[in-house]
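A.B. asks: Have a look at this one.
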Amino acid sequence: MKVSPFIQNLKPYIAGKSIEEVQREYGLTEIVKLASNENALGPNPKVIEAAKKALDDIHRYPDASYITAKKIIASHFKVNTNNISLGNGSNELIDSLIRVFCEPNQDSILISQGAFVAYKVCAHVNRVHVTEVPMKTNFQVDIEGLCNALTDKHKIIFLPNPNNPTGMYISKKEIEPLINKIRGRGDVLLVIDEAYNEFVRAKDYPDSQSLFKDFKNVVVLRTFAKVHGLAGLRLGFMMADPHIVDLLERIRLPFNVSNVTASTIDVALNDRDYIKRSQEVVWQGLEYFESELQKMGLEYCPSQGNFIFFDLKRDSSLIFEALLKKGVILRPVKNYGFSTHMRMSVGTMAENKKAIETLKQVLGNT
Ligand SMILES: *Cc1c(COP(=O)(O)O)cnc(C)c1O
């Protein structure tokens with residue numbers, strides 16, 4: 001079959017190692033996986049109940065407009081249903097935004113170096129150029145650098161806040177110059193990806209809700225994969241001006257969200273107890289990680305997410321392999337250009353302790 005060389009040269013996305021893979025490859029039974037920023041609490045039993053009920057209808061197509069789902073989200077966030085777009089994970093929305101706003105082989109997206117990798121991956125697949133602005137030395141996004149780099153070619157600026165894999169966030173004051181730069185411009189979109197919004201404790205975190213209401217070219221992305229514990233069901237949503245929502249609707253594949261997934265939105269979004277416990281597990285875990293990494297003399301970035309980014313001060317591949325052999329899966333971040341860093345998600349306290357103990361053993365032996 002003849003395929004364009006462009007497609008032939010694409011490399012498939014490499015996800016974190018799965019538990020089954022590591023069990024099989026290393027003959028282990030007990031595995032601690034802290035590699036994909038998943039929810040440490042496990043699935044929400046109320047969500048499972050809702051999903052089970054929805055199984056009775058899986059011979060039917062979902063409601064194509066997702067109006068019930070949109071109403072639940074809209075009322076929760078005090079916006080209108082025409083401000084909401086649903087995606088098969090927020091990753092789908094990232095891809096859709098690029099396809100809507102960027103002309104292939106012509107336009108570019110603008111991101112910070114070390115930003116969440118999906119923006120670059122989606123741009124590449126859609127034959128859209130990527131401009132990466134170097135970070136500051138403390139791994140903070142250089143907002144001034146982004147402002148200075150912005151040209152007519154850039155149609156979207158993606159700003160993950162807080163960022164994955166660093167966990168660093170942009171404050172209300174820091175984001176201002178960028179907002180001023182794009183104010184009133186109909187030719188460039190600022191997409192603020194808030195996958196970890198609920199874990200942020202910083203008091204000066206920007207109120208993105210008011211930003212997207214005040215600026216027609218600001219878009220906010222959220223996901224159910226993190227605080228709501230639905231990574232496997234694949235659900236994300238966008239809050240934006242109705243005009244942008246309407247454009248995305250034009251390219252959306254019909255039934256992109258399953259009816260089982262859609263059935264869980266109400267309980268997932270409104271189960272305050274599960275959300276609160278998810279936050280507490282993460283905040284306690286981060287405190288533990290920080291104090292242990294300090295004791296080990298390893299530098300880390302202060303994290304506003306459900307993971308921590310730290311410097312092993314040596315090549316991460318060997319440490320990653322040594323940890324795997326002992327049943328601990330962390331995430332090396334070489335694909336982000338960080339060859340000595342590792343990202344470790346917060347798990348249950350037992351998992352956190354196992355990860356830290358194993359890390360100590362492994363580092364002691366290298
Ligand atoms: C985890 C994550 C997402 C979520 O992606 P889904 O497709 O909704 O699972 C989005 N953005 C960032 C920065 C993330 O880390």
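The values are calculated or read from the model by the stated rules, or taken from the named source; none is laboratory data. None of the values given here were measured: they were computed from a predicted structure. Here Cβ is always computed from backbone atoms with ideal geometry, including for glycine, and neighbour counts include all displayed protein chains. Only protein heavy atoms, including side chains, enter the accessible area calculation; ligands, DNA and RNA are left aside. Shrake-Rupley method; radii C 1.70, N 1.55, O 1.52, S 1.80 Å.
A.B. asks: Quick one: is LEU93 over 20 Å from the mean Cα position of the chain (by Cα), more than 18 Å from TYR336 (Cα to Cα), aliphatic (A, V, I, L, M) and buried (at least 18 other Cβ atoms within 10 Å of the Cβ)?
C.D. replies: Here the answer is no, as LEU93 does not meet what is asked.
Residues are listed down the side, and each one gets a yes or a no for (1) at positive phi; (2) away from the ligand (no atom under 14 Å from the Cβ); (3) small (Gly, Ala, Ser); (4) open to solvent by 70 Å² or more (accessible area, probe 1.4 Å):
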| site | (1), (2), (3), (4) |
| --- | --- |
| ASN82 | no, yes, no, yes |
| GLY89 | yes, no, yes, no |
| CYS102 | no, yes, no, no |
| LEU110 | no, yes, no, no |
| VAL117 | no, no, no, no |
| MET135 | no, yes, no, no |
| GLN140 | no, yes, no, no |
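A.B. asks: With open to solvent by 10 Å² or more (accessible area, probe 1.4 Å) and either within 16 Å of the ligand (Cβ to nearest atom) or under 20 Å from the mean Cα position of the chain (by Cα) (or both) as the only criterion, which of VAL257, VAL281 stands out?
C.D. replies: Step by step, each of VAL257, VAL281 is checked, and only VAL281 is open to solvent by 10 Å² or more (accessible area, probe 1.4 Å) and either within 16 Å of the ligand (Cβ to nearest atom) or under 20 Å from the mean Cα position of the chain (by Cα) (or both).
A.B. asks: Another question, if that's okay. Does region 291-301 contain any residue that is touching a Lys or Arg at 6+ places or on another chain (Cβ under 7 Å) and of a type in the set (S, T, N, Q)?
C.D. replies: So far as region 291-301 goes, no, none of its residues is touching a Lys or Arg at 6+ places or on another chain (Cβ under 7 Å) and of a type in the set (S, T, N, Q).
A.B. asks: So, one more: For region 203-221: of the residues being open to solvent by less than 20 Å² (accessible area, probe 1.4 Å) and at pLDDT 95 or above, which is farthest from VAL188 (Cα to Cα)?
C.D. replies: Result: PRO206.
A.B. asks: Which residues, taken from region 320-335, are within 19 Å of VAL117 (Cα to Cα), touching a residue at least 24 places away in the same chain (Cβ under 8 Å) and not polar (S, T, N, Q)?
C.D. replies: If the condition is that a residue be within 19 Å of VAL117 (Cα to Cα), touching a residue at least 24 places away in the same chain (Cβ under 8 Å) and not polar (S, T, N, Q), then LEU330, ARG331, VAL333 are the ones that fit.
A.B. asks: How do the pairs read when you match residues in region 193-209 that are on the phi > 0 side of the Ramachandran plot with residues anywhere that are surrounded by fewer than 20 Cβ atoms within 10 Å (Cβ to Cβ), using Cβ under 8 Å and keeping only pairs 6 or more apart or on different chains?
C.D. replies: So the pair list comes out empty.
A.B. asks: If you check every pair at least six apart or on different chains, which have Cβ atoms under 6 Å apart with a residue in region 292-312 that is over 18 Å from GLY337 (Cβ atoms) and away from the ligand (no atom under 16 Å from the Cβ) first and a residue that is hydrophobic (A, V, I, L, M, F, W, C) and not in a loop (DSSP other than H, G, I, E, B) second?
C.D. replies: Close Cβ pairs (under 6 Å, with a partner that is hydrophobic (A, V, I, L, M, F, W, C) and not in a loop (DSSP other than H, G, I, E, B)) amount to GLU292/ILE356; LEU293/PHE310; LEU298/PHE310.
A.B. asks: Also: For region 148-165, which positions are more than 16 Å from the ligand (Cβ to nearest atom) and not acidic (Asp, Glu)?
C.D. replies: Hits for region 148-165 are ASN148, ALA149, LEU150, THR151, LYS153, HIS154, LYS155.
A.B. asks: Give, as residue ranges, the helices (runs of 4 or more DSSP H) completely inside region 265-366 that count at least 2 residues that are farther than 30 Å from PHE237 by Cα and touching a Phe, Trp or Tyr at 6+ places or on another chain (Cβ under 9 Å).
C.D. replies: So the answer is 272-295, 316-325, 349-364.
A.B. asks: Kindly evaluate ALA262 against the criterion of being part of a loop (DSSP other than H, G, I, E, B), at pLDDT 95 or above and either closer than 23 Å to ASP95 by Cβ or among the acidic types (Asp, Glu) (or both).
C.D. replies: The answer is no for ALA262.
A.B. asks: Quick one: what pairs do we get from region 46-73, first residue more than 15 Å from PHE237 (Cα to Cα) and without any contact (Cβ under 8 Å) to a residue 24 or more places away in the chain, second surrounded by 11 or more Cβ atoms within 10 Å (Cβ to Cβ) and among the basic types (Lys, Arg), C-beta under 7 Å, 6+ apart or different chains?
C.D. replies: Pairs that qualify, where the first residue is more than 15 Å from PHE237 (Cα to Cα) and without any contact (Cβ under 8 Å) to a residue 24 or more places away in the chain and the partner is surrounded by 11 or more Cβ atoms within 10 Å (Cβ to Cβ) and among the basic types (Lys, Arg): there are none.
A.B. asks: Suppose we filter region 147-158 for residues that are under 20 Å from the mean Cα position of the chain (by Cα) and more than 11 Å from CYS102 (Cα to Cα); how many remain?
C.D. replies: Matching residues across region 147-158 total 2.
A.B. asks: Kindly indicate the residue of region 166-196 that is buried (at least 19 other Cβ atoms within 10 Å of the Cβ) and of a type in the set (Ser, Thr, Tyr) and also nearest to the ligand (Cβ to nearest atom) among those meeting that condition.
C.D. replies: TYR196
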